[in-house]
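The values are calculated or read from the model by the stated rules, or taken from the named source; none is laboratory data. Computed from a predicted model, the values in this text were never measured in an experiment. Using ideal geometry, Cβ is built from the backbone for each residue, glycine included, and neighbour counts are taken over all protein chains shown. What goes into the accessible areas is simple: the full protein's heavy atoms, side chains included, and nothing from ligands, DNA or RNA. Shrake-Rupley method; radii C 1.70, N 1.55, O 1.52, S 1.80 Å.
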Amino acid sequence: MNSAIIKGTGYYVPENIVTNDDLSKLMDTNDEWIIERTGIKERRWINNDESTSSMALEASKKAIKDAGIDKHDIDFIVFATLSPDYYFPGPGVTLQKELGLNTIGALDVRNQCSGFIYALSVADQYIKTGMYNNILVVGSEYHSGGLDKTTRGRGVTVIFGDGAGAAIVSKSPNNDRGILSTHLHSQGEHAEELTLIGPSTRRWVPEIFDGKGKDDEAIYPYMNGTFVFKHAVTRFPEVINEALTKNKLQSTDIDLLIPHQANLRISQFVQKKMGLSENQVFSNIQKYGNTTAASIPIALAEAKLEGKVKKGDLICLAAFGSGFTWASALIRW
Ligand code: UT7
């Protein structure tokens, strides 16, 4: 069987930096609270005509360059996001058009914070079965346009940032390298603990706006923060251990854990629970906040640029979030 390697990575974040002090001018919050509870110092928020697909385009171009392939060598796109340009169609097709690719397939993945690992698992299977040779896997999120920027929304709004990350997943004849396994989970009973209800087929536009156009909270993301936190700190170690056990490896074998950047406190908890050192766990939430499906590919691309991902290293990706969904991937780089 073929092996699927990550041949190239790239990321893009908007130029506009929004600090915690900037947020405190919009709502009742402060730098100290945000840093203490989340580790976030600043995030990027789009302030021009950029979009989920335009950020994905920039990240993809970098990943294609990094992989050293021609864009026409790509034979499939998998695009993970919870903030698509349109309700439908998903942004995979827009990316296909903007990259100027032939009429290859484009699949949209709706798994929020776990979206990139779910997308990676799809790519992994298509490569391993021989269906495709080079797959563009993207995670991109434009949160800032849809957040409640008043004190009412502060528990959610201070956390999220915009950005995109991409990876080229390619066939390799070398079976000692590549994606070793992926592990996917869901628990839909908690779907409404972290959700954006409307507009949707359950709550159409007229229902969530009164006659004067006044909004109700359903148009903004809702998160039961402490509930999500408690589940996250259990599921992260569980799904990382599942991947290690499957591959007869131990946590001491991990060279770098790249967790979904949800909250620095969650990452620190996981680090301790897994017996890892601070250097073995990658964090960039300080700069970008939580970019949902984009957070792992942005972190992976940055870690690579910083020389923290080297040939032969054992890299573990792990995520937990809305759905609930959670996932892990082990990669021999
Ligand atoms: O990526 C998807 C998965 N998401 C996650 O994994 C997020 C998981 N949850 C979390 O990261 C944390 O629960 C939060 C960072 C969202 C919140 O931290 P917390 O320590 O759980 O705070 P809390 O929600 O319990 O709120 C504590 C207090 C409350 O005030 P009272 O009721 O104690 O007076 C909040 O009203 O902090 C208040 N608060 C704020 N204060 C200043 C909530 N948000 C803010 C804010 N600034 N932005």
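Data overview
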quantity	calculated
Checking Thr292 against (1) at negative phi; (2) within 16 Å of the ligand (Cβ to nearest atom); (3) not small (Gly, Ala, Ser), the condition it does not meet	(1)
Among (1) within 14 Å of the ligand (Cβ to nearest atom); (2) surrounded by fewer than 16 Cβ atoms within 10 Å (Cβ to Cβ), the one test that Lys248 misses	(1)
Subset tally (residues that are in contact with a Phe, Trp or Tyr (Cβ under 6 Å, 6 or more places away or on another chain) and either of a type in the set (S, T, N, Q) or more than 14 Å from Ser114 (Cβ to Cβ) (or both)) for region 257-272	1
Lone qualifier among Ile266, Ile258 - being within 24 Å of Pro91 (Cβ to Cβ) and among the aliphatic types (A, V, I, L, M)	Ile258
Residue in region 254-264 that is touching a Cys at 6+ places or on another chain (Cβ under 9 Å) and either open to solvent by 60 Å² or more (accessible area, probe 1.4 Å) or over 27 Å from Ser322 (Cβ atoms) (or both) present	yes
Exclusive hit being at negative phi and surrounded by 23 or more Cβ atoms within 10 Å (Cβ to Cβ), set Ile46, Ile74	Ile74
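Condition check ((1) out of contact with any Leu (no Cβ under 7 Å at 6 or more places or on another chain); (2) within 16 Å of the ligand (Cβ to nearest atom)) across all residues:
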residue: Phe229; (1), (2): yes, yes
residue: Gln261; (1), (2): yes, yes
residue: Gly275; (1), (2): yes, no
residue: Gln280; (1), (2): no, no
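Yes/no per residue for (1) within 20 Å of the chain's Cα centre (by Cα); (2) surrounded by 19 or more Cβ atoms within 10 Å (Cβ to Cβ); (3) of a type in the set (A, V, I, L, M, F, W, C):
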site	(1), (2), (3)
Arg110	yes, no, no
Gly115	yes, yes, no
Leu120	yes, yes, yes
Leu136	yes, yes, yes
Gly139	yes, yes, no
Gly145	yes, no, no
Arg152	no, no, no
